[in-house]
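A quick write-up on the structure given underneath.
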Amino acid sequence: MESSVNQRWIIHYTFLYFTFISATLYLLQTLISPQLILGHQPITLKTNPPLPLRFSSLGAFKILQVADMHFGNGAVTRCRDVLPSEFDACSDLNTTRFLRRLIDAERPDFVAFTGDNIFGTSAADAAESLFKAFSPVMESRLPWAAVLGNHDQKSTMTREELMTFISLMDYSLSQINPPEDPSDPAIGRLLGDIDGFGNYNLSVNGAAGSHLANSSVLNLFFLDSGDRATVGELQTYGWIKESQLRWLRGLSQGFLSPPTETPALAFFHIPVPEVRQLYLKEIVGQFQQPVSCSMVNSGVLQSLVSMGDVKAVFVGHDHTNDFCGNLGGIWFCYGGGCGYHGYGRAGWPRRARIIVAELGKGERAWMAVERIRTWKRLDDEKLSKIDEQVLWDLHRPQ
Ligand SMILES: *[C@@H]1O[C@H](CO)[C@@H](O)[C@H](O)[C@H]1NC(C)=O
Ligand SMILES: *[C@@H]1O[C@H](CO)[C@@H](O)[C@H](O)[C@H]1NC(C)=O
Ligand SMILES: *[C@@H]1O[C@H](CO)[C@@H](O)[C@H](O)[C@H]1NC(C)=O
């Protein structure tokens, strides 16, 4: 038992080491000119953002959700589904430009990428495509995290390699999977026991100077919803497996201990099958294409409802759906497609979602999270802000 654990550990870290070396070599080769390396630019390892994540002195924490960048190779990669008049001057660089505009306009505290960050089929080199796709967020020095979609792995890296690489990029808080915890019988989990790559949680602490300054007041859960799978003889999309849900339920149980329930938000790529039901319900935003989910219903919604802490889920995958709808007290929101090389609708601007959590105001200092709101920004001239809504209000439970 002991030795097999050690072995896994060694294999894992050997793998990490090699991926890291290839990442570094790549950096040297293409991003930094040789002159700089041999000159006075020190070769630095990953730059981490300041931690812990925390609410600002204004009592807010703002997240920018970026769905489906579908990045290819940059300037040479053409746009899909833009107006004929827009086609000639349009490439992946428009996605880059949109991301920069979003960051400048909203000044978020954190950026969450919900998969199909790169479009593997078009990307000649996954590492290069990742660097280009995430360059605006790395330049902004904002903390960020990503999960994978179903298209990321189709070029030169496997899903494990992609998540490893992404976790080593500057200011990234992404993790391959949660650290192993064999000591916890409730979880009883070893690395590799969780399906997929990119299952992890992040905590956001209360405002500095408040009594919650050292406690998580908002939890962020990231899950790998897979790519494709064959069930019997049928091809379908991936789904979140029981191993992932077991980990998530264990995690959330730990957070639900008194005194206060800490609200959580979840991020993954492929919507759950129940999102289809929203076609007949009241939604905010547009439902323009069928929900392309897995034919397997693994009970994600049921798990989230039983956990109680997740107030909203943010997905991508269906680029021309951008709505939020409520299922069993939990909001399911699409980001709306952000990338120009991904399919879309000509004349229907590419878009992204903003989520802001706000703290309650106490007599002398900030308290716990009181409200969660969301809206979208369109990539038009004015970066139009649309569909603002409240997702959760502590004093008005659903
Ligand atoms: C793409 O970017 C170019 C150059 O910045 C700009 O002229 C063009 O209008 C953009 N196209 C779209 C569809 O946003
Ligand atoms: C994830 O949650 C656990 C609590 O179960 C916490 O100890 C850990 O710090 C969290 N991870 C991060 C990166 O915030
Ligand atoms: C939070 O931690 C800091 C540093 O350890 C400490 O100075 C401060 O008193 C703590 N605040 C609370 C409310 O526990």
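The values are calculated or read from the model by the stated rules, or taken from the named source; none is laboratory data. What you see is a predicted model; the values in this text were computed from it and never measured. Note: ideal-geometry Cβ built from the backbone for every residue, glycine included; neighbour counts use all protein chains shown. With ligands, DNA and RNA removed, areas are computed over all heavy atoms of the protein, side chains included. Shrake-Rupley method; radii C 1.70, N 1.55, O 1.52, S 1.80 Å.
By the scheme Lys and Arg +1, Asp and Glu -1, what is the net charge of all other residues having a beta-carbon under 12 Å from that of Asp152?
Numbers: positive: Lys154, Arg159; negative: Asp68, Asp116, Glu160, Glu161, Asp224, Asp227.
Result for the neighbourhood of Asp152: -4.
What is the set of long-range amide H partners of Gln65 at a cut-off below 5 Å, with H atoms built 1.01 Å from backbone N?
Ala112, Arg353, Ile354, Ile355
Give me a comma-separated list of calculated 3J(HN,Hα) values for region 231-238, in order, Karplus coefficients 6.51, -1.76, 1.60 applied at θ = phi - 60°, integers in Hz, x for any Gly or Pro.
Per-residue couplings from phi come out as 10, x, 10, 9, 8, 8, 7, x Hz.
Is the shape of region 39-393 best called rounded, prolate or oblate, per the rule: a/c under 1.5 gives rounded, else a/b larger than b/c gives prolate, else oblate, with a ≥ b ≥ c the square roots of the Cα gyration tensor eigenvalues?
Judged from the Cα gyration tensor, region 39-393 comes out rounded (a/c under 1.5).
Which ³J(HN,Hα) values in Hz, rounded to whole numbers, follow from the phi angles of region 317-328 under the Karplus curve 6.51 cos²θ - 1.76 cosθ + 1.60, where θ = phi - 60° and Gly and Pro get x?
6, 9, 5, 9, 9, 9, 8, 10, x, 9, 10, x
What does the C-alpha gyration tensor say about the overall shape of region 322-362? Classify as rounded when a/c is under 1.5, otherwise prolate if a/b is larger than b/c, or oblate. Numbers along the way, then the final one.
Working: a/c = 4.01, a/b = 1.91, b/c = 2.10.
Note, shape of region 322-362 comes out oblate.
In the neighborhood of Lys311, defined by Cβ-to-Cβ distances under 11 Å, what is the net charge if each Lys or Arg adds +1 and each Asp or Glu adds -1?
Values: positive: Arg371; negative: Glu261, Asp309, Asp393.
Once positives and negatives cancel, what remains is -2.
Once you sort the root eigenvalues of the Cα gyration tensor of region 283-368 as a ≥ b ≥ c, which label holds: rounded (a/c under 1.5), prolate (a/b larger than b/c) or oblate (the other case)? Show your work: numbers first, answer last.
On the way: a/c = 2.98, a/b = 1.41, b/c = 2.12.
Verdict is oblate for region 283-368.
Name the trypsin sites (Lys or Arg not before Pro) in region 243-311 that are in a loop by DSSP and that have at most 12 other C-beta atoms within 10 Å, would you?
Details: sites: Arg246, Arg249, Arg276, Lys281, Lys311; in loops: Lys281.
Filter output for region 243-311: Lys281.
Could you tell me the relative contact order of region 185-328? Use alpha-carbon pairs under 8 Å, at least six residues apart, and round to a whole percent.
Values: 237 pairs, mean separation 34.0, N = 144.
With pairs under 8 Å counted, the relative contact order is 24 percent.
Can you pull out the trypsin sites (Lys or Arg not before Pro) in region 327-398 whose DSSP state is coil and whose Cβ has at most 10 other Cβ atoms within 10 Å? Walk me through the numbers on the way to the answer.
Values: sites: Arg345, Arg350, Arg351, Arg353, Lys361, Arg364, Arg371, Arg373, Lys376, Arg377, Lys382, Lys385; in loops: Arg350, Arg364, Lys382.
Qualifying residues, ordered by number: Arg364, Lys382.
Between Leu327 and residues 5 or more places away or on another chain, which pairs have amide H atoms under 5 Å apart, with H built 1.01 Å from N, and which residues are they?
Phe332
Could you let me know the centre-to-centre spacing of region 210-228 and region 54-69, using Cα atoms, in angstrom?
Each part reduced to its Cα centre gives a spacing of 12 Å.
Near Lys62, which lysines are there with a Cα under 25 Å away, not counting those fewer than 8 places off in the same chain?
Qualifying lysines at Cα under 25 Å: Lys46, Lys132, Lys311, Lys361, Lys376, Lys382, Lys385.
Please give, to one decimal in nm, the separation of the simple spin-label points placed at Asp393 and Arg364, each 7 Å out from Cα toward the Cβ.
Using points 7 Å along Cα→Cβ, the separation is 3.0 nm.
Please give the length that would be gained between Ala346 and Glu86 if that part of the chain were fully extended, namely 0.36 nm times their separation in residues minus their C-alpha to C-alpha distance (nm, one decimal). Present the calculation step by step, with values, prior to reporting the outcome.
Numbers: separation 260, 0.36 × 260 = 93.60 nm, distance 0.93 nm.
Additional length available on full extension: 92.7 nm.
What is the spin-label model distance, in nm, from Arg228 to Ser306 if the labels are put 7 Å beyond Cα along the C-beta direction?
Result for the modelled spin labels: 3.2 nm.
List the relative contact order of region 39-393 as a percent without decimals, with contacts defined as Cα pairs under 8 Å and 6+ residues apart.
On the way: 850 pairs, mean separation 69.1, N = 355.
After rounding, I find 19 percent.
Give the carbon-plus-sulfur fraction of the accessible surface of region 339-398 in %, rounded to a whole number; probe 1.4 Å, heavy atoms of protein chains only. Walk me through the numbers before you get to the answer.
Values: 1480 of 3110 Å².
Carbon-and-sulfur percentage of accessible area, whole number: 48.
Over region 39-393, with the other protein chains present, what is the accessible area per residue in square angstrom, probe 1.4 angstrom? Walk me through the intermediate numbers first.
Details: 14140 Å² over 355 residues.
Result: 40 Å² of accessible area for each residue.
Can you give me the long-range amide H partners of Gly342? Hydrogens built in the peptide plane at 1.01 Å from N, cutoff under 5 Å, separation of 5 or more residues or another chain.
Correct list: Arg80.
For region 162-172, in order, what is each residue's ³J(HN,Hα) by Karplus, 6.51 cos²θ - 1.76 cosθ + 1.60 with θ = phi - 60°, in whole Hz (x at glycine and Pro)?
4, 5, 4, 4, 4, 5, 9, 7, 4, 6, 7
Full extension from Asn214 to Ser56: what is 0.36 nm times the residue separation minus their Cα-Cα distance, to one decimal in nm? Could you put the intermediate results ahead of the total?
Values: separation 158, 0.36 × 158 = 56.88 nm, distance 1.36 nm.
Stretched fully, the Asn214-Ser56 segment lengthens by 55.5 nm.
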